[in-house]
1. Enumerate the pairs (first residue in the range 76-92 and under 30 Å from ASP112 (Cα atoms); second residue anywhere and of a type in the set (Phe, Trp, Tyr)) with beta-carbon separation below 7 Å, excluding pairs fewer than 6 apart on the same chain, so at least 6 apart or on different chains.
2. Give the residues of the range 91-118 that are in contact with a strand residue (DSSP E or B) (Cβ under 6 Å, 6 or more places away or on another chain) and open to solvent by less than 30 Å² (accessible area, probe 1.4 Å), sorted by residue number.
3. Among the numbered criteria (1) within 16 Å of the ligand (Cβ to nearest atom); (2) of a type outside the set (Ser, Thr, Tyr); (3) open to solvent by 40 Å² or more (accessible area, probe 1.4 Å), which one does ASP485 miss?
4. Where the second residue is away from the ligand (no atom under 14 Å from the Cβ) and among the aromatic types (Phe, Trp, Tyr) and the first is open to solvent by 10 Å² or more (accessible area, probe 1.4 Å) and lies in the range 463-477, which pairs have Cβ atoms under 6 Å and are six or more apart or on separate chains?
5. Only one residue in PHE405, PHE435, PHE392 is within 16 Å of the ligand (Cβ to nearest atom), of a type outside the set (Ser, Thr, Tyr), free of Cβ contacts under 8 Å to residues at least 40 places away in the same chain and farther than 21 Å from GLU332 by Cα. Which one?
6. For the range 457-501, give me every one of the helices (runs of 4 or more DSSP H) that falls completely inside it and has 1 or more residues that are under 25 Å from TYR47 (Cβ atoms).
7. All but one of (1) surrounded by fewer than 24 Cβ atoms within 10 Å (Cβ to Cβ); (2) touching a His at 6+ places or on another chain (Cβ under 8 Å) hold for VAL302; state the number of the condition that does not hold.
8. Suppose the filter is among the acidic types (Asp, Glu) and assigned to a helix (DSSP H, G or I); does GLU363 pass it?
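The values are calculated or read from the model by the stated rules, or taken from the named source; none is laboratory data. Here the structure is a predicted model, which is why all the values come from computation and not from measurement. Every residue, glycine among them, receives a Cβ derived from its backbone with ideal geometry; neighbour counts consider all protein chains shown. Heavy atoms of the whole protein, side chains included, go into the accessibility calculation; ligands, DNA and RNA do not. Shrake-Rupley method; radii C 1.70, N 1.55, O 1.52, S 1.80 Å.
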Amino acid sequence: MIKSMFLPVFVMIALPLTAQQLYWPRDLRQAYQNQTRSNDGWPGKKYWQNTGRYDITVTALPPDRTIRGTEQITYINNSPDTLFGLVFNFIQNIHKPGVTRLGDASPDYLTDGVHVDRYTDNGTEEQWGHEDGGTLQFKRLSEPLLPHDSVRLSFEWHYEISLKSGREGMIDSTTYYLAYFYPRVAVYDDVAGWDDIEHNDALEFYNDFNNYTLQVKVPRNYLVWATGNLLNAPEVLQPKYLQRLQASGKTGQLVHIADSADLAGRQVTAQQDVNTWKFAYDDISDVALGLSDHYVWDASSVVVDASTGRRASVQAAYNDTAMDYHHMTEYEQSALTFLSGQWPGVPYPFPKMTVFQGYAGMEYPMMANDETYQNFEFSRFVAEHEISHTYFPFYMGIDETRYGFMDEGWATTFELLYNRTVMSRDSADDFYRQFRVNNWIEDNSAEEDLPIITPGDDIGGRGLGNNEYGKPSLAYLSVKDLLGDDLFRKCLHGFMERWHGKHPLPWDFFYSFNSISGKNLDWFWNAWFFSHDYIDLAVSNVQNRGGDWEVHLDNIGGFPVPVDLLVTYTDGSTVTVHRTPAIWEQDPARASIALGSKKSVRSVTLVHGIYVDADAANDTFEVK
Ligand SMILES: [Zn+2]
């Protein structure tokens, strides 16, 4: 190959040094030099990521709260670096008194954390030696792990499931939800090296894509729902229930696999003392599971890929008294149909989805743990939100800890677009404003205006949620308006195609949109993601110039939002005028809109819709 191939990428294709160029963190700049990333938005020529194989067996024998696990990990080092030790996530230790948490912990939340009973490194037993450890633990390897080599580790561990259930824990004395329940190797990536941010219970996660087998040992008459394909249904279910499960995969009708009467009869599962439920899935970022001896089990399925006719199973596990859950498989069908066919418009990538009644409103691959609500519309909304996380972060490998806007911002965007299809547009927009926008824009404190790009682990207060949900969602909707649906879809799909199963950073997203759209959108990304801007537009003047009417706008807040004007003429007629955020490209602070009408204008008012404005006092101009 020619020598210039070995020049650093950023030297060859660096953009002109203008005020509009995006800020590059120094570690990202290094990654561009190393050619693991590229500022055209593609993974770099030398992009790599590490991976592992996890063979996990977990035992839960309610009402005993002790959870016992064993696992074998094969961890594969695809990096060019020699690793002398590994960093491990022990997320369950968030329950230990004294670990760093962003919020308070009640007595029912506290446990004494994870106890490692046995640890081996390439077959040799070693002391783990971290009984005082928190959610991150470093362990030196017996031999350095060379590039492109692997290490075999095993753990035996136990912990007590928390009485108070959040993202995981005890739902009732015979219903458990297990998540983050196994020791895993933290992410070692090409930009930040080890992900050494302690879990603080508020922020979310950052995971490698691994291959999993999961065996769940539970007493007879307990059902288990988990991430992955159930491999041994005939061994754990009685024939009648096995047939119902199989039938549910071929129909859009609701199948009650096990109702209350079935469960009361205690003949749903195989009648060994302990049944082992086996699940497996490859190239996935996590596994979670729920188990119960009295949750009813509904299932159905839905076509998620119109071109092949592929169906995905939709399942619900719940207490029969939860009335909204009786509709849950319908909500799942509706969500999967929308997500697969409309936005993002990528066929649901997994074979199944299960919504399990708990206390979280939380996503896991192929699983959601959602509360029950009296308001069925709200249940449907929460289900769709959590299911939409299938794409971001589970299909896309997002670092949710630092850049939660890369997953929550999209889930918030898809939720609005979904709600507009299942309720009136006004109701959907109203809900979005109330739930996602108002508490940000109505709060004029400095924390709210921190740039969205600010790493989430360095924001602890009121700015955090709004930087992850409402603000970035408005940015994504603005770029959708700017590009138009067809080009926006092409960019979104292109970005997803380039980066699914990998670890995209925000810059990979920005530069993918730039290169796929053929437009340098850095002015837009800069304003929305890297500035302290907010939304406040003003109509500064309405003028008649030689018979043509012009509206002059000031962008006081700075965010380049779409503009909608309500123009009232002196004859009492009205017209609405829409402009995309493109009007802010040349001058981010001022823009003029020619109305193209000779009729006399009486007044012009900004109509904000979902782009709620911080100051309504400057929104109307009356022509004197
Ligand atoms: Zn979410």
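1. Filtered contacts from the range 76-92: GLY85/PHE138; LEU86/TYR75; VAL87/PHE138; VAL87/TRP194; ILE91/TYR180; GLN92/TYR159; GLN92/TYR180; GLN92/PHE181.
2. As a first pass, look at the range 91-118 and keep what is in contact with a strand residue (DSSP E or B) (Cβ under 6 Å, 6 or more places away or on another chain): 92, 111, 114-118.
Hits for the range 91-118 are GLN92, THR111, VAL114, VAL116.
3. (1)
4. ASN466/TRP440
5. Details: PHE405 fails: free of Cβ contacts under 8 Å to residues at least 40 places away in the same chain; PHE392 fails: farther than 21 Å from GLU332 by Cα.
Residue meeting the stated conditions: PHE435.
6. On the way: elements: 462-468, 470-483, 485-499.
Of the helices (runs of 4 or more DSSP H) lying wholly inside the range 457-501, those with at least 1 residues that are under 25 Å from TYR47 (Cβ atoms) span 470-483, 485-499.
7. Just one mismatch for VAL302, condition (2).
8. Considered against the rule, which asks whether it is among the acidic types (Asp, Glu) and assigned to a helix (DSSP H, G or I), GLU363 comes out as no.
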